[in-house]
Amino acid sequence: MTRLQLKPTAVHDRIAKAVRISTVLMLFGIAEMSRNLNSAEPPDNPENDPQYITSGSLVICGGGQLPAQLIERFIELGGGPQARVVIVSSASAYADTDIRARLSGWFDRLAENEIASIDILHTRSRERADEDDFSKILDSATAVWFSGGNQNWLSQTYLNTRTEERFHGVMARGGVIGGTSAGAAIMSRCMIAGGKLEPMLSTGLGFLPGTIVDQHFHKRDRQDRLMRALQLRPGMVGIGIDEGTALIVRGRSLEVIGESDVTLCLSPSPLRPGSVKQLAVGKRADIVALRRAAIARAETIVATTESSVPDVQNGTLVIAGGGPTPQEVIDTFLAAAGGVESPIVVVSNASGELPPERNEVCGLLSAAGAQNVQMIHAKTREDLSNPRLISLLKAARGVWFTGGRQWRLVDAYLDTNVEQLFHDVLQRGGVIGGTSAGATIQGEYLVRGNPLGNEEVLSEGYDRGFNFLHGVAIDQHFTQRDRLDDLAQLKRAHPEMIGLGVDESTALIVRGSTMKVVGAHHVTVFDRPSNASTETPEFAILKSGEQYDLRQHRRMEASIADAAAR
């Protein structure tokens, strides 16, 4: 390894005083790779897990002249004055030859920010990149920057080497990885290696799983190329970043800064057209929702405009609209569970990331006399396989979902063994209940699932509930939060669904295909074919004590309802 200490000059005077610059140079030609690039996967294969979240941050720039705020943000995420920056220059055609010319502009701009050190990492040899001593500098790095040039040189040199492991280690420690142009293309595991209209696909370094990143996006008119890449790799999210612009990735949040916008693309599916949306500067999106949507679009689905009849063949559903829960609702839930001595499980995930105090979520049931109430708040795959959790649910006669945000329940339990255990409670004649978010999750279609806020009624990627009640979408706090137009919007978009709007301090008790309203207010039912030309589809309003037949699509007469109740 050779260290090149730059002499102080007028251009580099500030750098020489404040920043240590070292370079690793290996003057080898590029050998063709003997292995199939598309076969490379990280050990845990985050490409298949839409909820995979890294501990670090990404600053992905689309090329061109980068505004000062992008560099400042990169340094900030890397630790500010304590930032230890490593620049990977291997994508550049000049990396082996004209170091000083390449350093003058970029390093000066970095040096405008107070940082601890700058090092340059470069080789053309995969063998050297795989040697332990070559990339040891990355073990202390807090920020890594990939320069522009040819992304294929980066993947051919570093993929599946000890150096790549250390790149990922920077992220795992909470550091930042950034790059521009070619340095943006290698952010995804499925990498666009070239091609003007028909993309040439290869393998990148996979810092942002489940995506395909393209750059110089508007400037070089690359939307068709990115959409074609998505067709070739179903289940991926397309991210097009324009020049002078960066996508900041922190956890599950996507944020745009710079001069232009970022284009988020989803491939068409049998049920949905292709999606191309602009994420403007200052706006945010959720990468988990996008990845869920992309994966759902890639699944083999038979298109249909009909849904099965809502029918709880075994057990009981208690669907409460939020606010104070009437005593009648709690008493009905406990009776359906088999009485106050029956084992009951409260699922508290909707309430927040961390488990709440037990009494906060179990107190209502305990105050009503329940003697065997347990709380679960699973967060990891290990939690889902915990023998105690499984034992509790296998014994449970009732499950109650708290209020909060319904997307948290989706993240924790959808399509898991635990979701099936919830269904098993119903199958053996028990009861499922919940309020607010715990009501919405019971439907087939999930209303207000957007992790970034609850204003949007439709949120692709978070549009599936636990489906305890088939063919139904449930909204809550309905009249109190003036949500009639929202449910009408859902009915127009999904006419096959029955929309149920449940008021606060009100609940639906569902057995078979019959639902009964209890509590202080009303339930609004959108259960007629929707006409796209009609501003508000037909709906019915049920008051407390009234019953509705979901199979017959009509309000039940009092005498019939009484007979059904008996």
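The values are calculated or read from the model by the stated rules, or taken from the named source; none is laboratory data. Here the structure is a predicted model, which is why all the values come from computation and not from measurement. Every residue, glycine among them, receives a Cβ derived from its backbone with ideal geometry; neighbour counts consider all protein chains shown.
Quick notes
- Selection from region 71-99 of residues that are more than 22 Å from L138 (Cα to Cα) and of a type in the set (A, V, I, L, M): A93
- For region 153-167, a residue qualifies if it is within 15 Å of T123 (Cβ to Cβ) and not hydrophobic (A, V, I, L, M, F, W, C), and the qualifying residues are S155, Q156, T157, Y158, N160, T161, R162, T163, E164, R166.
- One residue alone among T316, T380 is under 20 Å from G430 (Cβ atoms) and either of a type in the set (S, T, Y) or at pLDDT below 95 (or both), and that residue is T316.
- In region 156-187, the residues that are over 20 Å from T142 (Cα atoms) and not aliphatic (A, V, I, L, M): Q156, T157, N160, S181
- Verdict on G195 being without any contact (Cβ under 8 Å) to a residue 60 or more places away in the chain, surrounded by fewer than 24 Cβ atoms within 10 Å (Cβ to Cβ) and on the phi > 0 side of the Ramachandran plot: yes
- Taken together, the residues in region 368-393 that are in contact with a helix residue (DSSP H, G or I) (Cβ under 6 Å, 6 or more places away or on another chain) and part of a helix (DSSP H, G or I) amount to 2.
- S513 being surrounded by fewer than 22 Cβ atoms within 10 Å (Cβ to Cβ), touching a residue at least 40 places away in the same chain (Cβ under 8 Å), in contact with an Asp or Glu (Cβ under 6 Å, 6 or more places away or on another chain) and farther than 27 Å from P273 by Cα: yes
- Taking every residue in region 174-189 that is in contact (Cβ under 8 Å) with a residue 24 or more places away in the chain and assigned by TED's automatic domain parsing to the domain that holds D242 and pairing it with any residue that is assigned to a strand (DSSP E or B) and among the polar types (S, T, N, Q), at least 6 positions away or on another chain, the pairs with Cβ-Cβ distances below 7 Å are V176/S57; S181/Q215; A184/Q215; A185/Q215; S188/T211; R189/T203.
- If you go through region 234-251 and keep only what is closer than 27 Å to A172 by Cα and either of a type in the set (A, V, I, L, M) or crowded, with 22+ Cβ neighbours inside 10 Å (or both), you end up with M236, V237, G238, I239, G240, I241, T245, A246, L247, I248, V249.
- Filter pass, I257 being buried (at least 21 other Cβ atoms within 10 Å of the Cβ) and touching a residue at least 60 places away in the same chain (Cβ under 8 Å): no
- Residue count, region 182-224 (criterion: closer than 13 Å to V262 by Cβ and of a type in the set (K, R)): 1
- Enumeration of residues in region 440-474 that are more than 16 Å from the chain's Cα centre (by Cα) and within 21 Å of I287 (Cβ to Cβ): E455
- So I376, is it among the aliphatic types (A, V, I, L, M), surrounded by 21 or more Cβ atoms within 10 Å (Cβ to Cβ), in the same structural domain as P326 (by TED's automatic domain parsing) and over 15 Å from F468 (Cβ atoms): yes
- Looking across region 338-373, just one residue is buried (at least 20 other Cβ atoms within 10 Å of the Cβ), aliphatic (A, V, I, L, M), farther than 14 Å from L392 by Cβ and under 26 Å from the mean Cα position of the chain (by Cα), and that is A350.
- L271 within 19 Å of the chain's Cα centre (by Cα) and part of a loop (DSSP other than H, G, I, E, B): no
- Residues (part of a strand (DSSP E or B), under 21 Å from A293 (Cβ atoms) and of a type in the set (S, T, Y)) located in region 184-228: T211
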